[in-house]
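Undergrad: Encoded as structure tokens, here's the structure I'll be asking about.
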Amino acid sequence: MERPAWAPRSIDISVPSVSRMYDYYLGGSHNFEVDREAARRAMEFMPGLPKIMQANRAFMRRAVRYAAGQGITQFLDIGSGIPTFGNVHEVAQAASPGARVMYVDHDPVAVAHSQAVLEGNADADIVAADLRKPQDILSSVELEGLIDLNQPVALLLVAILHFVEDEDDPYGAVAELGEALAPGSLLVLTHASYEGIPLPQERAGGAVNVYEDIRSPLIMRSRDEIARFFEGYDMVEPGLVAMPCWRPDTTPEDEDPYAFSGFAGVGRTA
């Protein structure tokens, strides 16, 4: 398999990557055949996966614009993935010129491509770190040089927590990050769930098994389990809802049924 110039030498391009599969679902070009093959296998069970990812991205953009409208000018996007059109820094800096964006990811391809995209942008950067180790993020030189944690921050955990298994304590990681945020900060979150998927759970489970097979388990949590991530936050209306229902730009009834898979919400620190 030929290695493209943008792929770091350190990565194994024979193993599927969740972030590169996500890039494929969104129509991106930073993925390999091994990623496309795994994504197509998952889509055999759940053909609406690209629609879910599109709804996820659309929610993220609305939430970033909402945060900017609330006067927040700092954004911490953990599990940011491979940059695509309409990424956080583009939306935030269009809504609020000078907004600062710190991306975090542990995928070398996501980090390398983000560095290339952000070159020359003094108000955006990326750090290679893992959500499961919050202190590595909070104490990083990159974050300290860009984000003032004494001022409100929009913390984005978009389509990342469902890849953190219970044994890795995702609730503890989110709580630890939240404790570092100033009053008036926002938690922006999406999470996969069997609730809302327009398929029997047994069939949707086939797609989940594909992620299990590539050693990136997809943890489908219930609405109540997802709501626990917002403990200590005041929920922004309309609360924890299906992605198209959170402050929509268009009528939710016009959305593809798959777009309603999983949940999205925004909480504010007191």
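The values are calculated or read from the model by the stated rules, or taken from the named source; none is laboratory data. For clarity, every value in this text was computed on a predicted model and none was experimentally measured. With ideal geometry, Cβ positions are generated from the backbone for all residues, glycine too; neighbour counts draw on all protein chains shown. To get the accessible areas, we keep the full protein, side chains included, count just its heavy atoms, and leave off ligands, DNA and RNA. Shrake-Rupley method; radii C 1.70, N 1.55, O 1.52, S 1.80 Å.
Undergrad: In the full protein assembly as shown, how much of residue 243 is accessible to a 1.4 Å probe, in Å² to the nearest 10?
TA: 10
Undergrad: Roughly how many nanometres apart are two label points built 7 Å out from the Cα toward the Cβ at residue 44 and residue 203?
TA: The modelled label-to-label distance comes out at 1.5 nm.
Undergrad: Expressed in nm to one decimal, what extension gain is obtained for the pair residue 142 and residue 14 from 0.36 nm per residue of sequence separation less their Cα-Cα distance?
TA: Extra length available between residue 142 and residue 14 comes to 43.0 nm.
Undergrad: Also: In debye to the nearest 20, how big a dipole does the chain give about its Cα centre with +1 on each Lys and Arg Cβ and -1 on each Asp and Glu Cβ?
TA: Magnitude of the dipole: close to 520 debye.
Undergrad: Which residue, chosen from 211, 182, 198, occupies the Cα position most advanced towards the positive end of the dipole of the range 146-270, where the dipole is computed from +1 (Lys, Arg) and -1 (Asp, Glu) charges on Cβ about the Cα centre?
TA: 182
Undergrad: Leaving ligands, DNA and RNA out of it, work out the accessible area of residue 219 with a 1.4 Å probe and give it in Å² to the nearest 10.
TA: My reading of the accessible area for residue 219 is about 40 Å².
Undergrad: If you average the alpha carbon positions of the range 88-143 and of the range 201-270, how far apart do those two centres end up, in angstrom?
TA: 24
Undergrad: Within the P(r) computed for the range 194-253, what percentage of the Cα pairs occupies the region above 20 Å?
TA: Here the tail beyond 20 Å accounts for 45 percent of pairs.
Undergrad: Moving to a separate point now. For the chain, what does -39500 (n - 2.57) per DSSP helix run (n ≥ 4), summed and divided by total residues, give at 222 nm, in deg cm²/dmol to the nearest 500?
TA: Helices in the chain give a 222 nm mean residue ellipticity of -11000 deg cm²/dmol.
Undergrad: Where does the range 6-87 land on Rg/Rh, using Cα atoms and the Kirkwood Rh?
TA: With Rg and the Kirkwood Rh in hand, the quotient comes to 1.04.
Undergrad: Please compute the Cα-Cα pair-distance distribution of the range 73-196 with 5 Å bins starting at 0, giving whole percents from short to long.
TA: 2, 11, 22, 26, 20, 13, 5, 1, 0
Undergrad: Could you give each residue of the range 173-181 its phi-based ³J(HN,Hα) in whole Hz, using Karplus coefficients 6.51, -1.76, 1.60 with θ = phi - 60°, and x for Gly or Pro?
TA: 5, 5, 5, 5, 5, x, 5, 8, 8
Undergrad: Ratio to report: Rg/Rh of the range 11-155, with Cα atoms as the point set and Rh obtained by the Kirkwood method; give two decimals.
TA: Here Rg/Rh amounts to 0.98.
Undergrad: Restricting to bridges with both residues inside the chain, how much of the DSSP beta-bridge set is antiparallel, in percent to the nearest 5?
TA: Percentage antiparallel, nearest 5: 35.
Undergrad: Show me the trypsin sites (Lys or Arg not before Pro) within the range 206-269 that DSSP assigns to loop and that have at most 10 other Cβ atoms within 10 Å of their Cβ.
TA: Hits after loop and neighbour filter: 215.
Undergrad: GNM on the chain, C-alpha springs below 10 Å: top fluctuator among 137, 78, 13?
TA: With Cα springs under 10 Å in the chain, the top fluctuation among 137, 78, 13 is at 13.
Undergrad: I've got another one for you. Using the per-residue mean of other Cβ atoms lying within 10 Å as a proxy for protection, in what order, highest first, do the peptides 29-42, 104-117 fall?
TA: My ranking of the peptides, most packed first, is 104-117, 29-42.
Undergrad: How large is the convex hull of the Cα atoms of the chain per residue, expressed in Å³ as a whole number?
TA: Taking the convex hull of the Cα positions in the chain, it is 121 Å³ per residue.
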